[in-house]
Amino acid sequence: MSFFVVMALIVGGYLSSTIALAFGGPATRRRRLTSLALASAIGALLTDALAGPVLGAVPTSKFLVLWAIFTLVMVAVAFAAAALQTVSVRRAPWSS
């Protein structure tokens, strides 16, 4: 069951990065990374709240610790996806 929790975090981090790049417009790097970190913290909280008390997939006694770990995983995925998407958009021949 924890595999599905990690997959939800990875997909959530990737989607938050993709949506931020698509709809973010001309945002500065600091603003984009701050919004990704905030979206990751909220997404990790929702994942922890659903996976813990609702589904019983993770122990509820370690809610805050798991929230911090989930946030780090989601932030890492979101930042990596944002970096790769930024590089690929700049190098794409159709984006000139």
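Is there a residue being over 14 Å from Phe70 (Cα atoms) and exposed (fewer than 12 other Cβ atoms within 10 Å of the Cβ) anywhere in segment 2-15?
Taking every residue of segment 2-15 in turn, none turns out to be over 14 Å from Phe70 (Cα atoms) and exposed (fewer than 12 other Cβ atoms within 10 Å of the Cβ).
Between a residue in segment 70-82 that is within 16 Å of Ile19 (Cβ to Cβ) and any residue that is among the hydrophobic types (A, V, I, L, M, F, W, C) and part of a helix (DSSP H, G or I), which pairs come within a Cβ distance under 6 Å, given they are 6 or more apart or on different chains?
Hits for this filter: Met74/Leu9; Met74/Ala44; Val75/Ala37; Val77/Ile10; Ala78/Leu36.
Could you tell me which residue of segment 31-48 is farthest from Gly13 (Cα to Cα), considering only residues that are among the aliphatic types (A, V, I, L, M) and without any contact (Cβ under 8 Å) to a residue 12 or more places away in the chain?
Leu46
Could you tell me whether Ala68 is hydrophobic (A, V, I, L, M, F, W, C) and more than 18 Å from Arg29 (Cβ to Cβ)?
Yes.
When the residues of segment 30-57 are narrowed to those that are out of contact with any Phe, Trp or Tyr (no Cβ under 9 Å at 6 or more places or on another chain) and of a type in the set (S, T, N, Q), which ends up surrounded by the fewest Cβ atoms within 10 Å (Cβ to Cβ)?
Thr34
Coordinate-derived values only; no laboratory data. Just so it is clear, the model here is predicted, and its values are computed rather than measured. Quick reminder, even Gly has a Cβ in these numbers, built from the backbone with ideal geometry, and neighbours come from all protein chains shown.
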